[in-house]
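The values are calculated or read from the model by the stated rules, or taken from the named source; none is laboratory data. It should be emphasised that the depicted structure is a prediction, and the values quoted were computed from it without experimental measurement. Counting neighbours? That spans all protein chains shown, and the Cβs are built from the backbone with ideal geometry, glycine included.
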Amino acid sequence: MSLMLSPPRAGGNRSASREAVTGLLQRLTARYGTQFMDRFGAVPQDVLVDEWAAGLGGYTVSEVEHGMTALNTCRFPPTLPEFLALCRPPIDAADAFTEAARNMALRDAGQNPQWQHPAIFWAAVEFGGYDLRHSGYTPGVRARWERLLAAEVAKGEWRPLPAVLPALPAPRRGTKPNPVIAQRLRQAVERMKGGAA
């Protein structure tokens, strides 16, 4: 059975700006029309904006846009908890392990793959790319992966993912070292040996 990990909800007293929430609610009204008004029309606009602003505190613009995109499959306007779940969908640990192994191999090959969630990338870094690619999802591996992933998800904020840098080209066959640089390196080594004696 796979572990479902949900990123933490907004904490503290942070709250989204009233202007941003008003714009979001206008987008939801435009998308759902009278369905949205039927569902929330009885709630005073100020109360609705305040509640959604408090609920969306700590969510990024990217997460809110993810939620808006996820609404493409929703026939009915979401409640605030439903919308928050769309913004930060749960992470299935087994699927995340498969994604991490695949994406770390792609990164090693010089590609920049898409990640479902930044916590998966940082857990993969902590787990180790080699171990990811060469470990089956055995009970011991699963326990270690779930612990690392849960710790990353619990952080709530993540550094940007580093871009993959292109690898240096392999040296051409028959390439000889630069004689000037080789001589300087030999001299440096000799100085170090002499200084250590």
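Just for the range 112-146: of the residues that are surrounded by 15 or more Cβ atoms within 10 Å (Cβ to Cβ) and of a type in the set (Lys, Arg), which one is farthest from ILE91 (Cα to Cα)?
It comes out as ARG144.
Search the range 108-130 for residues that are over 17 Å from GLY156 (Cα atoms) and touching a residue at least 24 places away in the same chain (Cβ under 8 Å) and pair each with any residue that is exposed (fewer than 15 other Cβ atoms within 10 Å of the Cβ) and among the acidic types (Asp, Glu) when their beta-carbon atoms are under 8 Å apart and the residues are at least 6 apart or on different chains.
Partner pairs satisfying both residue conditions: GLY129/ASP108.
ALA119 passes all but one of (1) over 16 Å from the mean Cα position of the chain (by Cα); (2) part of a helix (DSSP H, G or I); (3) under 30 Å from ALA53 (Cβ atoms); which number fails?
With (1) over 16 Å from the mean Cα position of the chain (by Cα); (2) part of a helix (DSSP H, G or I); (3) under 30 Å from ALA53 (Cβ atoms) applied to ALA119, the lone miss is (1).
Just need a number here: residues in the range 90-111 that are of a type outside the set (Phe, Trp, Tyr), buried (at least 17 other Cβ atoms within 10 Å of the Cβ) and out of contact with any Gly (no Cβ under 9 Å at 6 or more places or on another chain).
Selection size over the range 90-111: 5.
Within the range 65-122, take every residue that is of a type in the set (Phe, Trp, Tyr) and not assigned by TED's automatic domain parsing to the domain that holds LEU149 and give me the one that is farthest from ALA170 (Cα to Cα).
Filtering first and then ranking leaves PHE76.
Of the conditions (1) outside any helix (DSSP H, G or I); (2) closer than 29 Å to ALA167 by Cβ; (3) not aliphatic (A, V, I, L, M), ASN103 fails just one. Which one is it?
Among (1) outside any helix (DSSP H, G or I); (2) closer than 29 Å to ALA167 by Cβ; (3) not aliphatic (A, V, I, L, M), the lone unmet condition for ASN103 is (1).
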